[in-house]
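First comes the structure, then the notes that go with it.
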Amino acid sequence: AQTGLADRYREYFDIGVAVSTSDLSEFEKSSIVKKHFNSLTHEFSMKWSQLEVKPGKYEFEMVDQFVAWGHEHGKKLVGHTLVWHKANPDWLFTEDDSNLSRAKLLARLEKHISTVVGRYKGKVYGWDVVNEAFGYDGTFRKSPWLNIIGEDFIERAFEFAHAADPDAKLYYNDYGLVHKSKQDAVVRLIQRLKSKGIPIHAVGIQGHYSLTYPDAKLLDEAISRFASLGVEVMISELDVSVLPFPGPEERGEDAEINNLRAAELDPYSGALPTDIEAQLADRYQELFCVLLAHRASVNRVTFWGISDAESWRNNWPLPERMDHPLLFDRNLKPKLVVERLLHLAD
Ligand code: G3I
């Protein structure tokens, strides 16, 4: 059978994909997941809002299925994500009477992490322990985690995760890490964790990019900088948008980013250019060449979705919604992008 992407890069790094539960149940998609990827991240079901709708009332069925399927097909699994400012259950940050104390929220956090990481001990290869904790300006993102516990919620989360599964790899995951001030903040975080002997194995650069943003050189420099700290690097959520870029997710918290994005934004007023697939393939090739150059420190590249047809970006209120194939079109045949990456010269 034709080599899959993961086989092609096996000696360099894992090739992963984000799946939603339906993917695995639809044979077509799952045959593509089986063939091209050796690492799986669940797009939604392992987030706190999906696991513990009511205090103490866990819903693990979907995740148990996901974990069982992954193991059946020899996939490494990524637990996404333990601590985030989004996708939390409504009850988490509230208290009946007085306002929620640091101690109480820390206790809830410890219980969540020990319950979830403990349940999949030895079955989940690595965890996005904390996701998106900084703003583009390098300050801590305002969130109940920061406001109620304080800046050390991150240290505590890593400690709780390590205690629950000492063999699991532990990651900090974020987007916009080519921006200097945000990158500086994550560098400081990694240095702080290491200086305290708190295990962190890798940093996840999400990689929600466009055809032009960011310049590949910036990614190259970011990988070098993180690798120099003694952690591995992953591109944890790679997708390349061919649609008007800045949706709510990417507007960023400050004008500098908005101006940047506005400057590089290249909205397609109507239909996509006819050579858009070749442009995509070129862009993916350019990014993969950077990753191959850093293969000693890159341990995984995960595509955030099998195809743009189901992409999170399609949730944005776009003038014209274009289901554009990212990797595989609606008929789920490998597109130019995959063919190009399969034959990428070393
Ligand atoms: O499955 C339910 C469906 O039953 C329901 O009818 C529908 C109506 O609300 O919601 C569906 O769930 C949606 C889920 O995606 C489906 O997979 C949620 O509303 C929606 O909020 C959720 O969005 C996810 C988003 O994170 C928020 O959790 C996206 O799929 C997922 O791609 C996106 O991924 C994030 C990463 O976790 C972190 N980095 C950024 C990335 C993109 O935003």
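For the ranges 100-113, 9-22, what's the packing order if you count other beta-carbon atoms within 10 Å of each residue, average per peptide, and put the highest first?
On the way: 100-113: 16.2, 9-22: 19.6.
Descending packing order for the listed peptides: 9-22, 100-113.
Treating only the Cβ atoms of Lys and Arg (+1) and Asp and Glu (-1) as charged, compute the dipole magnitude of the range 1-152 about its Cα centre; round to the nearest 20 debye. Don't skip to the answer; put the middle values down first.
On the way: 20 positive and 22 negative charges, 62 e Å.
In total the dipole reaches around 300 debye.
Name the shape class, rounded, prolate or oblate, that the alpha-carbon gyration tensor gives for the range 162-217, where a ≥ b ≥ c are the square roots of its eigenvalues, rounded holds for a/c under 1.5, and otherwise prolate holds if a/b is larger than b/c and oblate otherwise. Kindly include the intermediate steps, with their values, before the conclusion.
Working: a/c = 4.00, a/b = 1.86, b/c = 2.15.
Oblate is the answer for the range 162-217, as a/c is 1.5 or above yet b/c matches or exceeds a/b.
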>> Which of rounded, prolate or oblate describes the range 25-135 when judged by the alpha-carbon gyration tensor and an a/c cut-off of 1.5?
In response: prolate
> Check V231: other-chain or 5+ apart residues with amide H under 5 Å from its amide H, H built from backbone geometry?
Replying inline: none
>> Can you compute 3J(HN,Hα) from phi for each residue in the range 295-306, using the Karplus curve 6.51 cos²θ - 1.76 cosθ + 1.60 with θ = phi - 60°, rounded to whole Hz and x for Gly and Pro?
In response: 5, 5, 10, 8, 10, 6, 10, 10, 7, 7, x, 6
> Tell me, what is the per residue accessible area of the range 8-88 in Å², probe radius 1.4 Å?
Replying inline: 40 Å²
>> Is the C-alpha gyration tensor of the range 84-195 telling us rounded, prolate or oblate? Criteria: a/c under 1.5 is rounded; beyond that, a/b larger than b/c is prolate, otherwise oblate.
In response: oblate
>> What number do you get for the range 191-234 when its Cα radius of gyration is normalised by 2.2 N^0.38 Å, N = residues?
In response: 1.35
> Using mean Cβ contacts within 10 Å as the protection proxy, how do 53-59, 142-148, 159-165, 334-340 order, highest first?
Replying inline: 159-165, 334-340, 142-148, 53-59
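The values are calculated or read from the model by the stated rules, or taken from the named source; none is laboratory data. Computed from a prediction, not measured in an experiment: that's the story for all the values here. No Cβ is skipped: glycine too gets one built from the backbone with ideal geometry, and neighbour counts run over all protein chains shown. SASA here: full protein model, heavy atoms, side chains in, ligands and nucleic acids out. Shrake-Rupley method; radii C 1.70, N 1.55, O 1.52, S 1.80 Å.
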